[in-house]
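Student: First the structure, which I've put down as structure tokens, then a few questions once you've had a look.
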Amino acid sequence: MSEGTSELVDRLEAARRDAVDKISSAPGLAGLEEVRHQVFGRKAPLAQTRQGLRDLDESARKDFGRRLNEVQAELERAYEDRKAEFEARELEHRWERERVDVTLPGVASPVGSIHPLTRTMWEIIDIFIGLGYRVADGPEIELTSYLFDALNTPPEHPARSELDTYYVKGHLYEVALRTETSPIQIRTMEAQEPPVYVLCPGRVYRRETEDATHTAQFSQIEGLAVDEGITMGDLKGTLQHLARELFGRDLEVRLRPSFFPFTEPSAELDVLCFSCKGAGCRICKNEGWIELLGCGMVDPFLLDYVGYDSERYTGFAFGIGLERAAALAHDVRDIRAFYDNDVRFLAQFGGML
Ligand code: DAH
């Protein structure tokens, strides 16, 4: 071994020892990263001894080169081992810090439910879809020509009064928040030829003093059937089906004479009290019967108004108050509760459908 070679070997050994020492005494991952530069960097002793290679003759270069590579590999291994050790320790600390006791009871996320009014509306819609009806829609801000004139409501009718109806500013007696869903009857018939079988749910507005059974905004579902040969028997049969689906299979219904400008004859439909079966109780206010909706045979005035042949076609219509129906079905004594959005109230109506 020449003079130069042995000096290089000594330097390499010194560099190796120093590097092993540095790697094993690095205090943590950050310190080890520092050491990596000191040991493997371009100006590190290891790199410098490698530069000495070029001054050696060929056989010495070969020997020393191999030795250099061995040292390089040894140090890299030492470095990787140390790094893995730190990482394992860090992971262990993290597990300790973030430890979860899976045996503890969890915190359940609250699950929403379908609003009882929506649910009741869907139930009613389903019943009529089953009978072949389709759902129709109309505007909540309505022209009085549709809301009153087309519905045969006389000029002096109290419903037209500002005291009963919200008019749109600047359009008094011309444009109003609809007070009932009945104008959708006209809009539907104008848009299509008979036969018509539609159900029209929607919000309506009335100037009311609010109490347990009245709100200034509520919802109705309008029904309309126009075809050849429709009779009051069809009206009663259809509405009996509705009442029984909603309140109980065996319940009788009865029609009581009434008056609406757009039906002739007009009636109220009562259903036998589902709670006391006619004996009289709190729910039916000791009547034995519960008033469910207004209905009647479509007044030929409406059919003529929309250009239907009132000699050939007849029809029936009805309008049911959604809040009232839902309150009856669920024994809710104050319909304002439907709009308070108190989850303690809403949660009683169960989970998702
Ligand atoms: N629109 C009526 C109301 O708000 C309810 C009604 C009664 C609708 C008879 C109808 C009907 O279609 O034929 O009180």
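The values are calculated or read from the model by the stated rules, or taken from the named source; none is laboratory data. It should be emphasised that the depicted structure is a prediction, and the values quoted were computed from it without experimental measurement. Here Cβ is always computed from backbone atoms with ideal geometry, including for glycine, and neighbour counts include all displayed protein chains. The protein model used for the area step is the full one, side chains on, heavy atoms only, and it has no ligands, DNA or RNA in it. Shrake-Rupley method; radii C 1.70, N 1.55, O 1.52, S 1.80 Å.
Student: Give the peptides 165-177, 238-250 in descending order of average Cβ contacts within 10 Å, highest first.
Tutor: 238-250, 165-177
Student: While we're on this one: Residues of the range 304-347 with the amide nitrogen closer than 11 Å to a label point 7 Å from the Cα of residue 282, along Cα-to-Cβ, please.
Tutor: Output list for this probe position: 332-333.
Student: Using a cut-off of under 14 Å, list every residue of the range 106-150 whose amide N is near the label point 7 Å from the Cα of residue 341 along the Cα-to-beta-carbon line.
Tutor: Output list for this probe position: 115.
Student: OK, next. Of all accessible surface on the chain at a 1.4 Å probe, what whole percent is carbon and sulfur?
Tutor: 50
Student: Residue 258 accessible area, nearest 10 Å², 1.4 Å probe?
Tutor: Per-residue accessible area (residue 258): approximately 40 Å².
Student: Would you check the accessible area of residue 21, probe 1.4 Å, heavy atoms only, in square angstrom rounded to 10?
Tutor: For residue 21, solvent-accessible area is about 100 Å².
Student: Moving on. Just the accessible area per residue of the range 1-92, please: how many Å² with a 1.4 Å probe?
Tutor: 67
Student: What is the dipole size for the chain, taken about its Cα centre, with +1 at each Lys and Arg Cβ and -1 at each Asp and Glu Cβ, in debye to the nearest 20?
Tutor: The calculation lands at about 1220 debye.
Student: Mind ranking 35-42, 50-57, 89-96 by how tightly packed they are, going by the mean number of other C-beta atoms within 10 angstrom, highest first?
Tutor: 35-42, 50-57, 89-96
Student: If each DSSP helix of 4+ residues adds -39,500 (n - 2.57) and the sum is divided by the residues in the chain, what number results at 222 nm, nearest 500 deg cm²/dmol?
Tutor: Computed mean residue ellipticity for the chain: -13000 deg cm²/dmol.
Student: Among 201-210, 324-333, how do they line up from the highest to the lowest mean number of other beta-carbon atoms within 10 Å?
Tutor: 324-333, 201-210
Student: Which of the lysines could a cross-linker bridge to residue 277, judged by Cα under 29 Å and excluding same-chain residues fewer than eight apart?
Tutor: Within the straight-line cut-off, residue 277 pairs with 236, 285.
Student: Output needed: Cys residues of the chain lacking any neighbouring Cys C-beta below 4.7 Å, sorted by number.
Tutor: So, 200, 295.
Student: Taking square-rooted eigenvalues a ≥ b ≥ c of the alpha carbon gyration tensor, is the range 116-349 rounded, prolate or oblate, where a/c under 1.5 means rounded and, failing that, a/b exceeding b/c means prolate?
Tutor: oblate
Student: Tell me, what is the per residue accessible area of the range 164-231 in Å², probe radius 1.4 Å?
Tutor: About 44 Å² of surface per residue is accessible.
Student: Which distance in nm do the two modelled labels at residue 20 and residue 129 give, with both placed 7 Å along the Cα-to-Cβ direction?
Tutor: 8.1
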